[in-house]
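None of the figures in this text is laboratory data; all of them are computed from the coordinates on show. Since the structure is predicted, the reported quantities are computational estimates derived from the model, not experimental observations. When we count neighbours, we look across all protein chains shown, and the Cβ atoms used for this are built from the backbone with ideal geometry, even at glycine.
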Amino acid sequence: MLGAVYGDIIGSWYESYATKDYNFPFHSKSEFTDDTVMTTAVCQAILENDSDITASQVKSRGYEYAVRYKQYYSYFPYAGYGMMFAKWAEKQGTMKVQRSYGNGGAMRAVPIGYAYNSEEQVLLQAKASCYYTHNCKEGIYGTQAVAIAVFMARNGESKDSIRKYITDKFRYDLDYNTDDIKPDYSFSSETLYSVPPSIVAFLDSQDYESAVRNAVSLGGDADTMACIAGGIAEAFYKDIPDYIKNFCSSRIDITLKKVLNEFSGKYC
């Protein structure tokens with residue numbers, strides 16, 4: 001599950017300094033960002049309550065996720081959040097529903113694919129996780145697509161099966177590789193623009209590292225895209241090189257690491 005966090009850290013420098021170089025160096029100033037903080041918030045919410053829900057319970061479960069988002073935002077308010085989310089998170093005592101179509105729901109969805117053991121629950125929990133922040137078709141679909149890709153990957157489904165499921169259910173075009181779009185690809189945090197290529201970065205990979213490198217070297221929202229691609233890739237390949245673990249582990253705040261390790265020990 002830490003594959004998502006490692007992707008965030010590796011991609012963090014290149015969010016501001018975009019690269020098209022597949023062989024980019026791991027930068028010494030790489031650090032965790034809002035992707036890691038919110039992924040940990042999802043882990044915390046699941047650790048506190050991993051019960052199955054029905055469709056009628058999506059809103060109430062969504063409230064539990066949202067409480068953790070606000071809490072973790074208060075712990076790490078300068079981790080690089082989008083302006084819309086930051087304004088929402090800063091308002092204490094209220095849970096106004098936001099309809100953001102950004103990739104913030106998708107970036108934190110990886111834990112859901114690990115914690116739940118049925119397609120139905122993964123999709124319901126993913127929808128609940130973005131009820132208060134990304135409550136629109138685009139935001140929900142992106143969150144569900146990432147969560148179900150992780151679920152299928154960890155359960156041994158093939159890349160072709162993952163590609164077909166996501167294409168059929170969410171109408172994402174995944175019939176290309178990263179080299180096809182790299183020359184003209186640019187930064188955008190919109191879900192429809194950034195989530196499908198993040199999934200393709202995994203589908204077009206040979207191992208964990210190549211998935212992350214594919215995502216970062218598109219030259220887009222590098223940390224979030226590598227977070228998504230890395231999370232799916234770890235679930236599929238079941239392995240991350242030690243040098244990547246060593247590079248990233250020391251860059252994770254100890255309080256976040258404690259929750260992430262607890263979650264990984266229970267669900268992974």
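Based on DSSP H segments of at least four residues, each scored -39500 (n - 2.57), the chain has a per-residue ellipticity at 222 nm of -19500 deg cm²/dmol. Fully extending the segment from LYS59 to TYR22, taken as 0.36 nm per residue of separation minus the present Cα-Cα distance, adds 9.2 nm.
For Cα extents along the principal axes in Å, the value calculated from this model appears in (i) 46, 39, 34; (ii) 80, 47, 33; (iii) 56, 42, 35 under label (i). The loop-placed chymotrypsin sites (Phe, Trp or Tyr not before Pro) in region 160-204, going by DSSP, that have at most 13 neighbouring Cβ atoms within 10 Å of their Cβ come out as TYR176. Loop-located trypsin sites (Lys or Arg not before Pro) across region 159-268 with a Cβ neighbour count of 13 or fewer within 10 Å are ARG171, LYS238, with loop assigned by DSSP.
So which of LYS127/LYS238; LYS182/LYS257; LYS59/LYS96; LYS127/LYS169 end up more than 22 Å apart by C-alpha? Long pairs (Cα-Cα over 22 Å): LYS127/LYS238; LYS182/LYS257. Applied to region 98-109, the Karplus parametrisation 6.51 cos²θ - 1.76 cosθ + 1.60 on θ = phi - 60° returns per-residue 3J(HN,Hα) values of 9, 10, 5, 9, x, 8, x, x, 5, 5, 10, 8 Hz, with x for Gly and Pro. Sparsely packed loop sites in region 1-62 (the trypsin sites (Lys or Arg not before Pro) outside DSSP H, G, I, E and B with at most 14 other Cβ atoms within 10 Å) comprise LYS20, LYS29. Put simply, the amide H of GLY219, placed in the peptide plane, has neighbours under 5 Å in THR19, leaving out anything fewer than 5 places away on its chain. Straightening the chain between ARG171 and GLU90 buys 25.7 nm, computed as 0.36 nm per residue apart minus the Cα-Cα spacing.
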